[in-house]
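Can you read through this structure? Questions will come right after.
The values are calculated or read from the model by the stated rules, or taken from the named source; none is laboratory data. This structure is a prediction, so every number in the text was calculated from the model and none was measured. Quick reminder, even Gly has a Cβ in these numbers, built from the backbone with ideal geometry, and neighbours come from all protein chains shown.
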Amino acid sequence: MKIIDGKQIAEVIKGEIRVEVAKYIDDYDVAPHLAAILIGDDAASDTYVSHKEKDCKSVGITSSIYRFSTDVSEEELLKTVDFINDDDDVHGLIVQLPLPKHINVDTIISHIDPKKDVDGFHPLNIGKMMLGHPAFLPATPAGIIELLKRYDIETSGKHCVILGRSNIVGTPLSVMLSRKSKHGNATVTLCHSKTQNIKEITLQADILVAAIGMPEFVTADMVKPGAVVIDVGIHRVPDASLQAGFRLIGDVNFAEVSTIASFITPVPGGVGPMTRIALLQNTLTAFKQIVRLSS
Ligand code: GUN
């Protein structure tokens, strides 16, 4: 069994991005700039956004955070999106999800300029992705494809089973893996909460992706020996023996499944760091497309 070291791959790509950003700063005195809108005081969202800020800083990308309290109106958010859309010095814009219940997420996301939609959530980018046209790809599926690529894991003709049909992971990943492309061409089964006989299906998977949001849902008896297992889940469990008071686990029972998988992503250090990198890559792409400097 081989561990897919997302952390190490992410560091390599980060180095590449850092060099490219430094070149733009040296040659043209401009840096890519990512803006994030953060609403409310959800601890997880706060952590994600501060990670994104730290990642940007580590590669020379400028970042700014627009913070709002939970009771912010949709109108005020739309105004802020407009303001950032019109700001020529900002190249990427993300709205951290989830949003409070009184805000319509589709309204907000559809309002982002698709050229700055580095999360790849705007309907135009999703449509382009569906058609296989160049588009901003959502960070987690893009990060997973990058890991498969860097570990030379063949997808063509393989049966990929994805657990979870979310708009930001399972559904776009099912499209990307089944597309006629070098790192696609897979036969994909997308399982969800209404899927029957899930174990019968997962046992057929050459590549199994768990993005179901249930701690240690995937156990060894659900995995074909030699399968590649990608764990998208991240959950905190209390652990008094650790200084932090908790440890992180995924949607896969790592101790069991790692004994039969050919490749497996750990949690933490697997998909997570790659998701963070994909956002930086998209921000750099948006910058280059908007600013149009010769490289
Ligand atoms: N919430 C959970 N994942 C994401 C993500 O990738 N982007 C945004 N904007 N919000 C999220």
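Restricting to segment 113-142, give me the number of residues that are within 12 Å of the ligand (Cβ to nearest atom) and over 19 Å from V218 (Cβ atoms).
Matching residues across segment 113-142 total 11.
Of the residues that make up segment 172-183, is at least one surrounded by 13 or more Cβ atoms within 10 Å (Cβ to Cβ), within 19 Å of the chain's Cα centre (by Cα) and farther than 21 Å from A278 by Cα?
Checked segment 172-183: no residue is surrounded by 13 or more Cβ atoms within 10 Å (Cβ to Cβ), within 19 Å of the chain's Cα centre (by Cα) and farther than 21 Å from A278 by Cα.
Within the group V271, V267, V252, which residue is closer than 17 Å to G213 by Cα, away from the ligand (no atom under 16 Å from the Cβ) and hydrophobic (A, V, I, L, M, F, W, C)?
Exactly one of V271, V267, V252 is closer than 17 Å to G213 by Cα, away from the ligand (no atom under 16 Å from the Cβ) and hydrophobic (A, V, I, L, M, F, W, C), namely V252.
Now for a separate question. Is segment 129-137 home to any residue that is of a type outside the set (D, E, K, R), out of contact with any Leu (no Cβ under 8 Å at 6 or more places or on another chain), part of a helix (DSSP H, G or I) and in contact (Cβ under 8 Å) with a residue 40 or more places away in the chain?
Yes - at least one qualifying residue is present in segment 129-137.
When you check L279 against the structure, is it away from the ligand (no atom under 15 Å from the Cβ), farther than 21 Å from V161 by Cβ, buried (at least 16 other Cβ atoms within 10 Å of the Cβ) and not hydroxyl-bearing (S, T, Y), yes or no?
no
Among I153, I162, which is the only one that is touching a Gly at 6+ places or on another chain (Cβ under 7 Å), on the phi < 0 side of the Ramachandran plot and away from the ligand (no atom under 16 Å from the Cβ)?
Just one listed residue meets the conditions, I162.
So V223 passes all but one of these: (1) more than 19 Å from the chain's Cα centre (by Cα); (2) on the phi > 0 side of the Ramachandran plot; (3) modelled with pLDDT of 95 or more. Which condition number does it fail?
Condition not satisfied by V223: (2).
Go through segment 265-295 and give me each residue that's in contact (Cβ under 8 Å) with a residue 24 or more places away in the chain and not in a helix (DSSP H, G or I).
Scanning segment 265-295 gives T265, P266, V267, P268, G269, G270, L293, S295.
Among the listed residues A227, A211, A240, identify the single one that is in contact with a helix residue (DSSP H, G or I) (Cβ under 6 Å, 6 or more places away or on another chain) and either closer than 19 Å to A142 by Cα or of a type outside the set (S, T, Y) (or both).
Among A227, A211, A240, only A211 is in contact with a helix residue (DSSP H, G or I) (Cβ under 6 Å, 6 or more places away or on another chain) and either closer than 19 Å to A142 by Cα or of a type outside the set (S, T, Y) (or both).
Restricting to segment 80-104, count the residues that are in contact with a Ser or Thr (Cβ under 7 Å, 6 or more places away or on another chain) and more than 14 Å from the ligand (Cβ to nearest atom).
Total meeting the criteria: 1.
Just the residues that are touching a residue at least 24 places away in the same chain (Cβ under 8 Å), closer than 25 Å to T265 by Cα, surrounded by fewer than 20 Cβ atoms within 10 Å (Cβ to Cβ) and within 16 Å of the ligand (Cβ to nearest atom), please, taken from segment 7-47.
Result: S45, single match.
Something else about it: Within segment 262-271, how many residues are surrounded by 24 or more Cβ atoms within 10 Å (Cβ to Cβ) and either within 21 Å of D117 (Cβ to Cβ) or of a type outside the set (V, I, T) (or both)?
Number of matching residues: 1.
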